[in-house]
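Everything below concerns the one structure shown next.
The values are calculated or read from the model by the stated rules, or taken from the named source; none is laboratory data. No experiment lies behind these values; they were computed from the predicted model shown. Positions of Cβ are backbone-derived with ideal geometry, glycine not excepted, and every protein chain shown enters the neighbour counts. Only protein heavy atoms, including side chains, enter the accessible area calculation; ligands, DNA and RNA are left aside. Shrake-Rupley method; radii C 1.70, N 1.55, O 1.52, S 1.80 Å.
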Amino acid sequence: MTFGRQKRLLLGWLALAAPLPLPFNDVVEWPVVAAYLIGVLFFLRRARQDPPRWLPTWGMNVLGLAYLPILLADLFVFDRGHLTHPVLHLCLFSLLVKLFAVTRERDKWQAAMGIFFLFLAAMGTSVHPAIALFLVAFLVLALALLVRFAFLHVLAGFGRDDPALARLPIGGFLAFAAAAVVFLAVPLFALLPRVRSPYIVGRGLGTGATIEAAGFSDAVTLDSIGRIRGSREVAIRLQDEGTGVGEAAELRFKAATYDLYEGGSWRRAPLVGELPRSPGASFWLGAASQPRPPVVRWMKVYLQPLHSRSLPLPVQAAVVEPRLASLQVDEGGAVNLSFAPLEVIEYRVGVTRQPVLSGVAPASGGGSVVPTLDQTGVSPRMAELAGRAMGSGPPAVRAGRLETFLMQNYTYTQDFRDRSTANPIDDFLFRYKSGHCEYFASAMVLLLRSQGIPARLVTGFLGGEYNPFEGYTIVRNSNAHAWVEAYLSAPAASTALTAGTAGTANTAGGAWRIFDPTPPAGRPAEAGSGAWSLAHQAYDFVLFRWDRYVLTYGLYDQLRIVSDLRDLWDRMWRAFDHQTPAARHASTPAAPVAETVSSASAPRASRRETAIVLALLFAALALVG
């Protein structure tokens, strides 16, 4: 085996591994990567045969000119000016051509540089924790390549091209070197300036699945929540800070509200302004004219990117403390961000014992139609059904009857094969009598409106599961849910006869209340027990730690590390300071100035000697490192 053959084989195996994460991140298409890998395998087969002739320089130029039309089409036709895909396609093509043209000593280094840039592209577009394993594997391969190259270069310098001399036992060295690199990379990662997003932004998230958040967008259809419910991806992590009294009756996160129904879809309630902000970066929910209810619990929330501007909050939330300058609120009381976050958002929430439903009170004036009383989609037989099911009495009692009627007379299903979409709510009520939560909630909203009770659709999350590995409550996409908020007059809102949950009154005339007509069998259920559930929770724990301490590790975390190091230094300093606290803080104003300076010189000299010893100690540790 000649040295040239060994170098080509090393380059081939490294080139084979470099682009593997790219198709998993949807950055480069699988057919393109597959064609590249086939080309590299053919190169490895040819390298094993060690032929005397390889691709000449003029052949590389001809292939480059032949690829130029493909590059132009890639730039201006397929990707329309976006550089990510054309540049990566060009990188794959150039590296493959260069491998077949490695004839001189400098060619192998040029090929190694191309492999390195391809590796950077794969790492810069990956956010899944499995990329750490790929990084370590590629590190070992790269170290093996560099060590072998150096060893072969030394042998070639002595004019020796004997295959027997090229055998080098480097397994132990590679293991030690890889461990040392990882050991040094951790503090460098913690201290170097942050890049908060991937180097190259592709179409995917690198996790193998894109989070679907159609249930919280500006318009939703009657199957949006159903699509979200099919995913087990984590949407929210909730940590109880243990500052309150008792537990919340129900974990229900409100994300978005919808007022206008049209043709089987709902339109989101418009924004009304920004939440009032108090000193200390706290935003208070609820009507400004009402007294602020006491906070009984504090929670820390970690919100995963939902591709939406919604900020899900517990319905009992009275105050929210995000690291943001402003928050917006819509007419239904749902809180919104000014942007759709691409990384984890962390915020604190203070909750009360009762729901805080801060939607705008319905009012009509100047002949305008109240959105929460709009009867678009209400048929005459729907109004007749609502009147028969609700009966007579106060609005709260009637709304409670309708909620019970829907739960008892309709069944939950996600099977909608061969169903008509012309009038889905009408078909749900009178033909199929089955559906999922959006059908139940939408039907109750329209039936309430037919009887003159303002109502709206609300989407969010219901329930969660406790993860013993994290100590957090996990809310998944499968916890997505839809329910109803109805506005009831003051006398009805004060009664205890309703099945709904009372909320904060907006005016002296009434309050919004929560109703959930979906049968219990169709509501999000807690995760089961067993080995599979435990394994899933352990995987969630790894994902959360990866998100928190790798992907979203940033400037504030670095400042916290510096603060901790400063506190550690202060504690070490005090450990070497032999003065008592009384002597340090004692003041002797009657003493002469010269005597005071003389008495303080000894401790100051002692502190100087201690500082010198510590500096020498740290210098020695740095030298060893």
Query raised in the report: Roughly what would the spin-label model give for Leu68 and Glu384, points 7 Å off Cα along C-beta, in nm?
Result: 7.7
Query - Residues with amide H under 5 Å from that of Ala318, placed H, sequence gap 5 or more - result: Gly350, Val351, Thr352
Query raised in the report: What accessible area per residue comes out for the stretch 311-432, rounded to a whole number of Å², with a 1.4 Å probe?
Result: 45
Report summary line: For Lys254, the lysines lying under 29 Å Cα to Cα, once residues fewer than eight places off in the same chain are dropped, come out as Lys300, Lys433
Query - the stretch 270-344 versus the stretch 43-118: alpha-carbon centroid distance in Å - result: 52
Query - Residues whose placed amide H lies under 5 Å from that of Leu327, excluding near-sequence neighbours - result: Leu275
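How much length would be gained if the chain were fully extended between Trp30 and Gln408, taking 0.36 nm per residue of separation minus their Cα-Cα distance, in nm to one decimal?
Stretched fully, the Trp30-Gln408 segment lengthens by 131.1 nm.
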Requested in this report: Whenever you get a sec, compute what percent of the accessible area on the stretch 1-49 sits on carbon and sulfur atoms (1.4 Å probe).
Outcome: 70
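Pop the C-beta distance of Phe176 and Leu342 into the FRET formula with R0 = 45 Å and round what comes out to the nearest 0.05.
Values: r = 39 Å, r/R0 = 0.86.
That pair, Phe176 with Leu342, gives E of 0.70.
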